[in-house]
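Undergrad: One structure is given below, represented as structure tokens, and several questions about it will come after.
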Amino acid sequence: MHYLQTLDYVVFIVYFLIISIYGYWIYRKKATTGNSSTDFFLAEGSLTWWAIGASLIASNISAEQFIGMSGSGFAIGLAISSYEWMSAATLIFVAIFFLPIYLKNKIYTMPQFLSRRYNDVVSTIMAVFWLLLYVFVNLTSILYLGSLAIETVTGVPFIYCMLGLAVFAVFITLGGMKVIGYTDVIQVVVLVLGGLATTYLALNMVSDKFGGSGVFDGMSILRTQADDHFHMIFKEGDKFYYELPGFAILFGGMWINNFNYWGCNQYIIQRTLGADLKTARTGIIFAAFLKLFIPLICVIPGIAAYVLYQNGGIQQEMVDAAGIVKPDHAYPTLMNLLPMGLKGLAFAALTAAIVASLAGKCNSISTIFSLDIYRKFFDREASDKKIVKVGRIAVIVAFAIALLITPQLRRLDQAYQFVQEYSNYLTPGAFALFFLGLFWKKTTSKAAIWAAALAIPISVLFKFMPDIYHSFLGIEISPIPFLNRTLYVFLILVLMMVIISLTDKKVENKGLELDRSMFTVSNGFAILSILIGGILVGLYTVFW
């Protein structure tokens, strides 16, 4: 195992100092408004379009993508890129239809939207669900994958990697959204450069292995040596149909998954809520454009590792002590093969992605807890200064809980699929509430309460339906792919909400402020949207 050398540590320390000094400078520069809760949680009016776009990407691309997506690239192939490419299309719709409603109605948190649109019961149910999901699934998975990678690259024990990442992220998070947003710009530059270095190495290794010359030959060799890893749509009966069920990618549950993540998720949408509409929309379209290139630095290295493994390379590195192939070892293994200096850059890129996501996630946890739980139920008269203090305490508590749980995730095979699977228990219910709440004024609070209460039980029922059929009826049925399950549960909940709303005798008038002009876009936005859509059509046509 080749761990980091002196030059690698120098590169990493330079990155660490730049982030720390720049973050502190941003914090001191904006200190005059530091006691405002909207300033701390939303960086109100302070983030530029490029900072918003970069922060969206930095928060989204974490160890889940670098490690988990490369692992899925090793196991499944390019089809896992659908999460990235369909996200680009989703972001365009979010910018046009979702964002204007949030900004026009001065929405600061997603539970606040539910409170304004429905009532406090719905808001509180979902706030608690989100907090549990963010802490017990998202925060822990980011810490696990990040610590695993750093352990592999540096040889530092897993527990110390975990603690180091948590401490680094805590200090950035405690500075508030301004510090997170602007340091994310540097994080994105570093993670893209480091990611490209790893991709370059991986393709060169493949090229050299088969007598090619350079990265372009390496890409061509990948297509011939791993043709089964370049199919975007799986048919029923395929080995990976459960993870990516055919046309559900293009026309089904993937859209619900993405709309919920990018349009109704505090962790993501929070970056735009403190900006004006033009700035926020430009930032989102910038993020959508960057999304198109993420598979190049996250998925392609995994496919390259698969080809190398299948042809006698990196055999020992890809298996655990029991001799079981671990796809999530793909990216750390490739990083270890980088030359001195570049390895330090790739290590800095990985750390940047992990820390940015941890900081963004924990900022959202503290925002929801402080504004939607603490202020509402414990101290309605709390000053902004006290709310900010509570938010900072929530950050520390969330990390403490995550540190206790994270070691238990070491038993996972593909951690990225773990995150998607368990996040999707909440996804159909959350998006049903937002979808009808945003676009159908007749939706009632009673319907929303029923949907919020039944979303997870119905999802669990679909998850274990094959076991139920087998145990009680003696019938064998195939497991339902979780993206299909997401679609089915969403449609059931929407139908239920429509029926309850139409039969509810209590008349409500809680529609949010809307007008047609809110949904108009500039010519530049329209042109960029068409360009991104055309690129997506081309990609799916090529890799069908």
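Undergrad: Tell me the relative contact order for the range 300-343 as a rounded percent, counting alpha carbon contacts under 8 Å between residues six or more apart.
TA: It comes to 35 percent, rounded to a whole number.
Undergrad: Counting other Cβ atoms within 10 Å, which chymotrypsin sites (Phe, Trp or Tyr not before Pro) in the range 315-415 have at most 16 and lie in a DSSP loop?
TA: In loop regions of the range 315-415 (DSSP not H, G, I, E or B), the sparsely surrounded chymotrypsin sites (Phe, Trp or Tyr not before Pro) are Phe378.
Undergrad: Do any of Lys278/Lys442; Lys106/Lys291; Lys104/Lys441; Lys106/Lys361 go past 18 Å between their Cα atoms, and which?
TA: Pairs exceeding 18 Å: Lys278/Lys442; Lys106/Lys291; Lys106/Lys361.
Undergrad: Expected output is a single nm value to one decimal: the length gained when fully extending between Met340 and Ile396, i.e. 0.36 nm times separation in residues minus the C-alpha distance. What is it?
TA: 16.6 nm
Undergrad: Let me ask you something else. At 7 Å along Cα-to-Cβ for each site, give me the label-to-label distance between Val167 and Glu236 in nm.
TA: Simple spin-label model gives 5.5 nm for this pair.
Undergrad: Using 0.36 nm per residue, how much length does the chain from Val460 to Lys442 gain when fully extended, once their Cα-Cα distance is taken away?
TA: This chain segment gains 3.6 nm when fully extended.
Undergrad: For a bin width of 20 Å, list the pair-distance distribution of the chain built from all Cα-Cα distances, rounded to whole %.
TA: 22, 57, 20, 1
Undergrad: Next question. Using per-residue counts of other Cβ atoms within 10 Å, averaged over each peptide, order 471-477, 214-220, 120-126, 306-312 from highest down.
TA: In descending order of packing, they fall as 120-126, 306-312, 214-220, 471-477.
Undergrad: Within the set of other residues whose C-beta is less than 12 Å from the C-beta of Thr503, count the net charge using Lys and Arg as +1 and Asp and Glu as -1.
TA: Once positives and negatives cancel, what remains is +3.
Undergrad: I would also like to ask the following. Roll a 1.4 Å probe over the protein chains and send me the accessible area per residue for the chain in Å².
TA: Here the residues of the chain average 40 Å² of exposed surface.
Undergrad: What is the distance, in nm, between label points placed 7 Å from the Cα along the Cα-to-Cβ direction at Asp120 and at Tyr9?
TA: Here the answer is 5.5 nm between the modelled labels.
Undergrad: Could you work out [θ]222 nm for the chain from helices alone, using -39500 (n - 2.57) per DSSP H run of at least four and dividing by all its residues? Round to the nearest 500 deg cm²/dmol.
TA: Per the formula, -20500 deg cm²/dmol.
Undergrad: Could you please state how large a percent of the accessible area of the range 90-191 is carbon and sulfur, counting protein chains only and using a 1.4 Å probe?
TA: 77 percent
Undergrad: On full extension of the chain, what length is gained from Glu476 through Leu495, given 0.36 nm per residue of separation minus the C-alpha to C-alpha distance?
TA: Value of the extension gain: 4.0 nm.
Undergrad: Amide H to amide H under 5 Å from Val319: which residues, 5+ apart in sequence or cross-chain, H placed 1.01 Å off N in plane?
TA: Lys326
Undergrad: If you put +1 on each Lys and Arg Cβ and -1 on each Asp and Glu Cβ, how big is the dipole of the chain around its Cα centre, in Debye rounded to 20?
TA: 1820 debye
Undergrad: Positive end of the dipole of the chain, charges at C-beta (+1 Lys, Arg; -1 Asp, Glu), about the Cα centre: which of Thr279, Ala169, Ile61 has its Cα farthest in that direction?
TA: Toward the positive end, the furthest listed residue is Thr279.
Undergrad: Taking amide H positions as placed in the peptide plane 1.01 Å from N, state which residues far from Gly246 in sequence (5 or more) or on other chains have amide H under 5 Å from it.
TA: Phe234
The values are calculated or read from the model by the stated rules, or taken from the named source; none is laboratory data. As the structure is a computational prediction, the values presented were derived from the model and not from experiment. Cβ coordinates were reconstructed from backbone atoms using ideal geometry, including for glycine residues, and neighbour counts include every protein chain displayed. Quick note on the areas: whole protein, heavy atoms, side chains included, nothing else; ligands and nucleic acids left out. Shrake-Rupley method; radii C 1.70, N 1.55, O 1.52, S 1.80 Å.
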